[in-house]
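These notes concern the structure reproduced below.
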Amino acid sequence: MSVLARSVGNAFRNKIRTAAVVAVLAVAIGLALSMLVANQAVGSKVQELNASVGTTLTVNPAGGQGFEGGGEPLTTTEAQTAASVANVTSVVGTKALRLQTATTGTTSTTGTTGTTQQTGQGGGFGPGGQQASVSTNLTAAIDAGTLGNRNNSSGTTGTSGTTGTNGTTTQPARALPITATGIGAEVDSTGKALNITSGTGLGDYTTAGDKALVGTSLATKNNLSVGSTFTIQDKTFTVAGIFDAGTAFGNNAVYVTLPEAQTLAATPDELSTMIVTVNSMENVDSTKTAVQNALGADKADVTQGQRNLETAVSSLDSVKNISLVAFIAALATAGIIILLIMVMLVRERRREIGVLKAIGAPNRTIGLQFVLESLVLVAMGSVVGAVIASFASGGIASALISSNTSTTAATTTQRGGGLAGAVPNGAVPGGGGFGGGGQGGPFGGASQLLTSVTASVSPGVLAAGIAAVFAVAIIGALVPALLTARIRPIEVLRGE
Amino acid sequence: MIEVKDLVRQFKSGDRTIKPVNGVSFELEKGSLSSIVGKSGSGKSTLLSLLGALDKPTSGDVVVDGVSLAGLPDGKLTEYRRRDIGFVFQQFNLIPNLSAVDNVMLPMEFAGIRKAARLKRAKELLEQVQLDPEKHPRRTNRLSGGEQQRVAIARALANEPKLILADEPTGNLDEQTGEHIIELLSSLSRDHNTTILVVTHDRSLAQKTERCFRLQQGRLTEEVRSGSRR
């Protein structure tokens, strides 16, 4: 009988105790593996976030953002300047348009004791001076609602509605404008890849064309499908694809190519925003400064898209850290369990160890026998633990993420709303607005990303986890194995 | 030839110094069967432990076939026990969850003998000690006391040692089984030309050995007897 066979036999000497030890080890190992799986899943997600969203900068005209503010518009020359900055991998220009349904016009508000005439948002340029309002035959998918009407009512006057001593305000329903954006690549206004749910993209985004991408809710509202047509400024466009932006505001939008939008706005060289992608997360801060310096503080405002997701990434990082600590703690627990069990077994078998030494067993053989016996217990615990982990890791990861990000998500949502709400009243009707949409989008995305972490037990992670468990078990078993070397046979045999 | 030279083993017990073995010297011829008698606590087992290198003497030496044990490192002493010594204990001290055959194979495994060879020899030894072949694969905790002692003797013979040290080998057995065990040891001594030293407090058992030593207050004296066992 070899040392291994003897170790296996010893592991099953007391079956009830072995079962109990295996059960306890399985829980510790299962927890360790679950934490490792959660750690890997969150780590991958953090990498994904950092790689996709965390490396973009948004450039707006100095003093302007979306349809708001003032200053001079950005031009393709500035896009080229930004592209020449070190660590910049790409620059995508956008051109924002406001599509007004042809029927939208002047509205009036009448109160009991006073009347205010209000001009609608159709036609003309807004404060930013960089958007173009163009007509379309499309109908907005978003009803004005209380927010839209309230914003519209204070539009050009900057006051809120009309009130009198006992006055009431009545406003007819308003049709909100539709967001149209010319894009230089297949990304949305925040630089995130468009999620085209049917049809195709626009193909060549560097030339003008009569194809468009339409948001899902806008398509539904106007009974559009791939191949359908609609008009902007009397030009007929064909729906090439339908996209899902993930938000009601984002889906009330149209994308055309950048040159087409510039043509429609009759501003061929102008850009509303530029989305600058940096080559790595580490270079984002320095590149932001470099782009800002290259364009000039009086010409452009550079904001870091990553900031929007910092809280989310930070939250995921903290989940990652927690899961790593929990993994190490569970591993240590497994090691301590092994240590205690093996110390107990060594004490229990002192006499047997003495006999083995008396008949000529070297210390290393006896030590090896105990280490192998502990590994047999760990192997059984690992099998059961792996089964536990395969069922529990998803739930544990979700619980970790949800418990750790609930506060963050609330904060994020609140901040996103705050930014949208910060858009000056009356300038942009509706609950979003370009400013709000531009900043709020990533926030909404962050919440989605936080909950989209999927923990799956991959063989590689499982193997790494079990290898770590075995390493810890060997360390745990070495101490009692070394204890056997200190047992002197005469001491235990004298007990006779 | 086993030579014991002025062997002393002393312990501290509080302020007192106890010398269970105090200047013991004797020689054992190869293939002899000898016994040491004495009262409980007279130092018999301590002397046996010193001869078997389970313990180290305070002074003196044990020389086995010209090799001195004094000053040998632990590793060499382990090797000495494995190669040159066979132990038979009063409590048998078999590994309870192993079969009779596996118990006998253990010392051979430690000596690096191949599995097939040690299995063959283990079976032969168990036959020599007259253990029913049906009981060879049986776990030793399911054997009777006499059967367990036979297995223990077979285990002691496994590596063909120069010296077998038996500490009260019949102490846990009934009279008839004890006599069988002594006869077995006697025949093994003859057949294998192995030196056997039995420690016992049983005078009738000691009478059956060639030489009988008395240990009293740490000192050894040989009893002079007429006749021989052979």
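Order these by the 10 Å Cβ neighbour count, fewest first: B:Ile113, A:Ile401, A:Ile475. Intermediate values should be presented prior to the final figure.
Details: B:Ile113 18, A:Ile401 25, A:Ile475 12.
Going from least to most buried by this count: A:Ile475, B:Ile113, A:Ile401.
Counting other beta carbons within 10 Å of each residue's own, what order do B:His201, B:His136 fall into, fewest first? Can you show the working numbers first?
Details: B:His201 15, B:His136 18.
Listing B:His201, B:His136 from fewest to most nearby Cβ atoms yields B:His201, B:His136.
Using Cα positions and a limit of under 14 Å, work out the aspartates and glutamates in reach of A:Lys15, with same-chain residues fewer than 8 apart set aside.
Result set, ordered by chain and number: A:Glu373.
Extent of the stretch B:2-223 along each principal axis, from alpha carbon coordinates, in Å, largest to smallest?
Rounded to whole Å, the extents work out to 53, 39, 35 Å.
Rounded to the nearest 0.05, what FRET efficiency do A:Arg17 and B:Arg138 have when you use their Cβ-Cβ distance and R0 = 30 Å? Write down the numbers at each step before the final one.
Numbers: r = 24 Å, r/R0 = 0.79.
FRET efficiency, A:Arg17 to B:Arg138: 0.80.
Using the number of other C-beta atoms within 10 angstrom as an exposure proxy, rank A:Arg486, B:Arg81 with the fewest first.
Working: A:Arg486 9, B:Arg81 25.
Ascending Cβ contact count within 10 Å gives the list A:Arg486, B:Arg81.
Just subtract the alpha-carbon distance of A:Asp234 and A:Gln80 from 0.36 nm times their residue separation and send over the number in nm, one decimal. Write out the running numbers ahead of the final one.
Working: separation 154, 0.36 × 154 = 55.44 nm, distance 3.22 nm.
Difference between extended and current length: 52.2 nm.
Where does the charge balance sit around A:Glu270 when Lys and Arg score +1, Asp and Glu -1, over other residues with C-beta under 11 Å from its C-beta? If you can, show how the numbers build up before the last one.
On the way: positive: A:Lys95; negative: A:Glu72, A:Glu78, A:Asp269.
Here the charged neighbours net out to -2.
For chain B, set up a Gaussian network in which alpha carbons nearer than 10 Å are linked by springs, and say which option among B:Asn22, B:Asn172, B:Asn159 fluctuates the most.
The residue that fluctuates most here is B:Asn172.
With +1 on the Cβ of every Lys and Arg and -1 on the Cβ of every Asp and Glu, and nothing else charged, how large is the dipole of the stretch B:1-137 about its Cα centre, in debye rounded to the nearest 20?
Details: 20 positive and 17 negative charges, 53 e Å.
For this selection, approximately 260 debye.
Separation between the A:Gln47 and B:Glu179 pseudo-spin-labels, each 7 Å from Cα along Cα→Cβ, expressed in nm?
Reported label-point gap for A:Gln47 and B:Glu179 is 8.2 nm.
Quick one: of the DSSP bridges fully inside the stretch B:2-223, what percent are antiparallel, nearest 5?
Among the beta bridges of the stretch B:2-223, antiparallel pairing accounts for roughly 55 percent.
Based on the Cα atoms of the stretch A:235-359, what semi-axes does the equivalent ellipsoid have, where each is the square root of 5 times one gyration tensor eigenvalue, given in whole Å with the largest first? Could the numbers behind the result be given before it?
On the way: eigenvalues 869, 91, 29 Å².
Semi-axes from the Cα gyration tensor: 66, 21, 12 Å.
Could you tally the net charge around B:Gln10, taking each other residue with its Cβ under 11 Å from the Cβ of B:Gln10, Lys/Arg +1 and Asp/Glu -1? If you can, show how the numbers build up before the last one.
On the way: positive: B:Arg9, B:Lys12, B:Arg16, B:Lys19; negative: none.
Surrounding charge for B:Gln10 is +4.
Using 0.36 nm per residue of separation minus the Cα-Cα distance, give me the extension gain between A:Thr289 and A:Asp269 in nm, one decimal.
Details: separation 20, 0.36 × 20 = 7.20 nm, distance 2.47 nm.
Extending this stretch completely gives an extra 4.7 nm.
Hey, which lysines would be in cross-link range of B:Lys12, C-alpha to C-alpha under 29 Å, not counting anything within fewer than 8 residues on its own chain?
A:Lys357, B:Lys39, B:Lys44, B:Lys56, B:Lys76
222 nm [θ] for chain B, helices only, -39500 (n - 2.57) per DSSP H run of 4+, per residue, to 500? Numbers along the way, then the final one.
Details: 7 runs with 79 residues, N = 230.
My calculation for chain B gives -10500 deg cm²/dmol from helical runs alone.
What distance in nm separates the two pseudo spin-label positions at B:Arg190 and A:Ala329, each 7 Å out from Cα along the beta-carbon direction?
Spacing of the two 7 Å Cα→Cβ label points: 7.4 nm.
What lysines does A:Lys299 reach when the alpha-carbon gap must be under 18 Å and sequence neighbours fewer than 8 apart in one chain are set aside?
Output for A:Lys299: A:Lys95, A:Lys288.
No value in this document is a laboratory result; all are computed from the given coordinates. These figures come from a predicted structure and were not determined experimentally. Cβ coordinates were reconstructed from backbone atoms using ideal geometry, including for glycine residues, and neighbour counts include every protein chain displayed.
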